Amino acid sequence: MRNSRNNGNNPKTQIAASQSVMYSGPLPPANEFAAYDQALPGAAERMLALAEKETQHRHKTEDRLIALGGRGQIFALIVSTLSIGAIVLSIFFSQPVASIAPAIIAISGLISIFTSRK
């Protein structure tokens, strides 16, 4: 009689398990939040400070985006001014037909300046 330990007749079965937890927002749920502070004293306070800094950063970024919104109006003013200059030059050189396209651009630019909201 031979001693057979695992020569391919009895395959071993392995089972792997994983668990994933997701939450939204800058802070974990209260029970996990307390566990962080128990594992590392002061961790909860640091996490709160991190969330506050992130909120301040997001507000500053949104304020910058609002301030940059005025650049479109400045660009429209520049395009309109250049178009009006092109109209004046084309009329000066006796080319009234060539002034039609710059006139349309200038008028639409001026309309966009006065109708857009801040």
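The values are calculated or read from the model by the stated rules, or taken from the named source; none is laboratory data. Just so you know, these numbers come straight off a predicted model, no measurement behind them. All Cβ positions, even for glycine, are placed from backbone atoms using ideal geometry, and neighbour counts span all protein chains on display.
Checking each residue of region 84-100 against the condition of being of a type in the set (G, A, S), surrounded by 10 or more Cβ atoms within 10 Å (Cβ to Cβ) and modelled with pLDDT under 80 gives at least one match.
For region 73-118, the set of residues classified as in a loop (DSSP other than H, G, I, E, B), under 30 Å from D63 (Cβ atoms) and of a type in the set (G, A, S) consists of S116 only.
Return the residue satisfying two criteria in turn: it lies in region 1-22 and is farther than 30 Å from F33 by Cβ and of a type outside the set (S, T, N, Q), and of such residues it is modelled with the highest pLDDT. Filtering first and then ranking leaves I15.
Among residues of region 24-60 being part of a loop (DSSP other than H, G, I, E, B) and modelled with pLDDT of 80 or more, the one that is nearest to the chain's Cα centre (by Cα) is S24.
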